[in-house]
1. For Glu64, only one of the following conditions fails: (1) open to solvent by less than 90 Å² (accessible area, probe 1.4 Å); (2) at positive phi; (3) not in a loop (DSSP other than H, G, I, E, B). What is its number?
2. Filter the range 14-27 for residues that are of a type in the set (A, V, I, L, M, F, W, C) and in contact with a Gly (Cβ under 9 Å, 6 or more places away or on another chain) and give the result.
3. Within the range 10-31, track down each residue that is in a strand (DSSP E or B) and surrounded by fewer than 16 Cβ atoms within 10 Å (Cβ to Cβ).
4. So, in the range 37-61, exactly how many residues are open to solvent by 90 Å² or more (accessible area, probe 1.4 Å), more than 9 Å from the chain's Cα centre (by Cα) and within 17 Å of Gly18 (Cβ to Cβ)?
5. Which number in (1) modelled with pLDDT under 95; (2) over 11 Å from the mean Cα position of the chain (by Cα) marks the one condition that Ser1 misses?
Amino acid sequence: SPNENPYKTTLSAVTVSGTVPKWAVEYITVNNFRLKKFVAGSINWYYYANISYQTMKEWFNLYEIRFYWQNDTLLSTQLFTIIKEWWKTVSWE
């Protein structure tokens, strides 16, 4: 989650999360950052995209999520985009 890709937001922080089959993944990286809280064999994972942490910036943010098995074997790669808008769109309808 979020389910939309690309995901548009005006928020300064977004939690990107997902699930994997139990015991299928040894570790996960997001833009070459290894998720520290993901335990091998777990089901749930999350990543904080945050302006304050400098893991998100204004406008276009591309995240490459990689799922690995033992011995650094790459299982899958997923791309996720967050578009951080600084304005709120107003509808006059």
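The values are calculated or read from the model by the stated rules, or taken from the named source; none is laboratory data. Not measured: the values here are computed from a predicted model. Here Cβ is always computed from backbone atoms with ideal geometry, including for glycine, and neighbour counts include all displayed protein chains. For the accessible areas, the whole protein counts, side chains as well, though only heavy atoms, and no ligand, DNA or RNA atoms are used. Shrake-Rupley method; radii C 1.70, N 1.55, O 1.52, S 1.80 Å.
1. Every listed condition holds for Glu64 apart from (2).
2. Trp23, Ala24, Val25, listed by residue number.
3. Ala13, Thr15, Ser17, Gly18, Thr19
4. The number of residues fulfilling the criteria is 3.
5. Against the list (1) modelled with pLDDT under 95; (2) over 11 Å from the mean Cα position of the chain (by Cα), Ser1 comes up short only on (2).
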